[in-house]
Amino acid sequence: MAHELTQETIDAVAAIFDKAVAEHRMAGVAWGIASGGEVLASGGAGSSALVAGERAEGAFTPRVDSISRIASMTKSFTAATILALRDEGKLRLDDPIATYVPAAAHIGSFSEDSPALTLRHALTMSAGFVTDNPWGDRQESMSTDEFDEYIAGGLSLIAEPGCGFEYSNTGFVLLGRVIDEVTGVSFRDEIRRRFIDPLGMKDTVFSLAEMTDDQRSRVLTGHRVGDGEGATRFEEVDFDTPGAFGAMAGLFSTVADVAKWTAFLAEVGVHGADGISDDSRAMLSPASRREMQEIHRIQEWPVLEDGNGFGRVRGYGYGLVVEKFPKLGDVVSHSGGYPGYGSYMVWLRGTGLTVIALANSKYAPAIPCSLDALEAIRTHQAELVEAPKRELAPTTRDALEKALAWLRDVELEGQPTTLVPSGSARTVLANRAEQGVSEESDPLLALFATNMDQDVSRAERVRLRDAALRIAGLGRADLTLEKAASLKVLSPFQAVCTFEGESGKVLIDLLMDPRKNSQIQALNIKGESKDKGEASGAAPIGI
């Protein structure tokens with residue numbers, strides 16, 4: 001989907017990041033708005049390096065090609081590599097990690113009947129490990145042998161594997177070790193071979209040692225946040241050397257490169273099967289990319305008395321966070337926090353519109369600034385944020401039109417008042433054949449699934465129609481799609497049609513059955529008066 005940003009929108013987004021730097025919440029930041037791998041707009045604020053609160057000699061304003069640590073955004077690369085190996089039959093997600101990393105057999109268990117710790121547990125942050133951000137952030141240089149010794153000594157567990165959610169870096173380091181053992185090369189080389197090189201992410205590396213002189217000149221210096229005033233609170237931090245913990249947070253990258261990665265992940269939510277290239281499929285199947293972006297584990301938050309805890313749904317996929325916002329819809333993301341850095345990538349599942357922020361101060365507010373940027377885009381150009389509307393399957397629209405025609409024309413007199421006896425579809429069809437009833441003698445049989453006349457008699461449906469029309473102040477002739485006040489498409493096979501009248505409204509909820517040659521399995525008719533004082537019929541399906 002093509003996106004064109006107005007200058008007003010770009011200025012509004014820039015102001016958000018400028019303000020964060022001006023308020024000394026970030027030392028510096030490079031940001032971008034992207035779609036389909038193309039950076040549509042970008043900018044930067046602050047400085048690549050600060051000394052005593054002042055811009056260091058040779059420092060620059062961060063920009064789209066500035067290289068920064070992306071920290072835990074690395075987890076999505078590790079997860080994608082695990083899924084690629086799974087797709088190739090080289091491992092299974094429900095295999096015990098100890099199958100591939102023998103030292104993991106000594107991690108220990110939460111209880112005597114704890115299940116084996118699996119790859120899926122680590123992918124979904126449900127291994128039961130203690131959250132380890134501050135400690136784990138400082139272990140990047142730990143070697144593979146040292147890591148194996150560390151886990152062989154046992155780990156503390158707070159829950160049974162597969163129960164609850166607890167963010168764990170150690171879990172993703174274990175996945176990195178699985179990649180090492182299954183492929184016979186380091187996870188770094190495997191990630192580079194499978195994704196970084198094919199996607200042309202030329203500025204994405206695991207260490208300073210891999211960089212050219214030009215790339216080193218574009219690296220943002222990291223800063224811790226001390227107790228100083230204003231910009232003096234930002235103090236330079238050293239780089240660590242790469243090791244086993246790089247599987248959870250080791251990558252350096254740029255806004256431009258991250259845009260290529262998010263486009264690769266996001267395209268499965270934007271394009272149909274025909275819109276994804278063979279080269280893209282060869283890296284990781286669309287099915288596996290969709291799997292990464294589904295909620296596999298709810299992220300648990302304290303339940304607040306004011307109910308604010310229910311403002312959105314948030315969960316963890318495979319190396320990605322998945323959220324459902326009331327106004328933004330389905331959002332996929334991951335943040336990165338590291339000594340000296342804070343980053344965030346976020347995209348709208350329905351459109352692929354992406355915001356990326358790479359800041360060079362520890363745990364910088366990249367998340368709220370990026371979400372504010374999406375809200376700013378929604379405010380100024382709502383059409384860029386809105387996901388494509390769901391469409392009814394042609395068979396569903398045809399069935400809806402025929403059902404409305406029946407409701408307009410049918411008379412109560414002569415309609416069956418009794419229910420068809422219980423039985424499977426095969427039994428009902430056999431009984432019809434014995435009685436000589438066919439679609440020629442009863443055309444509605446071609447429209448209604450066999451359960452329809454078992455659930456509600458046709459006479460009752462007519463009475464429900466008449467009651468609903470009376471409440472709303474409508475006539476039978478008003479029941480056409482052209483006169484509907486709204487048509488809410490819940491899925492290609494379910495819709496709620498609303499008709500507004502002088503005194504109320506009529507809601508008709510239609511649901512098709514799951515067969516290939518589907519028929520109507522439910523047709524609920526409800527009337528509601530404007531003052532809510534009178535109602536008829538059942539609630540729409542699923543409401």
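Each reported figure results from applying straightforward, stated rules to the coordinates on display, with no laboratory input. Computed from a predicted structure; not experimentally measured. Reconstructed Cβ throughout: ideal geometry from the backbone, glycine too, with neighbour counts over all protein chains shown.
What order do you get for 410-416, 4-10, 259-265 when each peptide is scored by the mean count of other beta carbon atoms within 10 Å, highest first? It would help to have the intermediate numbers written out before the result.
Working: 410-416: 11.4, 4-10: 14.1, 259-265: 23.4.
Ranked from most to least packed, the peptides come out as 259-265, 4-10, 410-416.
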Expected 222 nm ellipticity per residue - DSSP helices of 4 or more, -39500 (n - 2.57), all of the chain, to 500:
-9000 deg cm²/dmol
Just the number: Rg to Rh for segment 436-510, Cα atoms, Kirkwood Rh, two decimals.
1.02
Which percent of Cα-Cα pairs in segment 380-474 sits in each 10 Å bin, short to long?
13, 36, 28, 13, 7, 3, 0
I'd like to compare 36-46, 219-229, 148-158: which one has the highest average count of other Cβ atoms within 10 Å, and what's the full order after that?
36-46, 219-229, 148-158
Taking the alpha carbon gyration tensor of segment 1-56, what are the square roots of 5 times its eigenvalues, largest first, to the nearest whole Å?
27, 12, 7
Under the rule of at least 5 residues apart or a separate chain, name every residue whose amide H is placed under 5 Å from the amide H of Gly501.
Val506
Across all Cα atoms of segment 15-156, Rg and the largest Cα-Cα distance (Dmax), in Å, are 20.9, 60
Charges on Cβ only, +1 for Lys and Arg, -1 for Asp and Glu, centred on the Cα centroid of segment 66-163; of His106, Thr81, Leu93, which one is farthest towards the dipole's positive end?
Thr81
Relative contact order for segment 77-188 using alpha-carbon pairs under 8 Å, separation at least 6, rounded to a whole percent?
37 percent
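How about segment 40-97: which trypsin sites (Lys or Arg not before Pro) there are in a DSSP loop, with at most 15 other Cβ atoms within 10 Å of their Cβ? List each step's numbers first, then the result.
Working: sites: Arg55, Arg63, Arg69, Lys75, Arg86, Lys90, Arg92; in loops: Arg63, Lys90, Arg92.
Here the trypsin sites (Lys or Arg not before Pro) that fit, given the DSSP loop and packing criteria, are Lys90, Arg92.
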Please list the helices of the chain that count as membrane-span-like by this rule: a mean Kyte-Doolittle hydropathy of at least 0.0 together with Cα atoms stretching 20 Å or more along the helix axis, each helix being a complete DSSP H run.
7-22, 169-183, 255-270, 366-380
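Assign unit charges at the C-beta atoms only (+1 for Lys and Arg, -1 for Asp and Glu), then state the dipole size of segment 373-490 relative to its Cα centre in Debye, rounded to the nearest 20.
On the way: 16 positive and 19 negative charges, 60 e Å.
Rounded to the nearest 20 debye, it is 300 debye.
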May I ask you to sort Ser114, Ser361 by Cβ crowding, counting other Cβ atoms within 10 Å and putting the fewest first?
Ser114, Ser361
Relative contact order of the chain, please, whole-number percent, based on alpha carbon pairs below 8 angstrom and at least 6 residues apart.
15 percent
Once you treat every alpha carbon in segment 77-188 as an equal point and sum by Debye, what is log10 I(q)/I(0) at q = 0.18, 0.19 Å⁻¹?
-0.87, -0.98
Assigned charges on the beta-carbon of Lys, Arg, Asp, Glu; the chain dipole about Cα centre (debye):
980 debye
Sparsely packed GluC sites (Glu not before Pro) within segment 415-520, loop by DSSP, other Cβ within 10 Å at most 12
Glu439, Glu440, Glu502
P(r) over all Cα-Cα pairs of the chain, 10 Å bins from 0 to the longest distance, whole percent per bin, short to long, reads 3, 16, 21, 20, 15, 12, 8, 3, 1, 0
Of the listed links Lys327/Lys488; Lys488/Lys530; Lys402/Lys530; Lys75/Lys260; Lys402/Lys505, those spanning more than 25 angstrom between alpha carbons are Lys402/Lys530
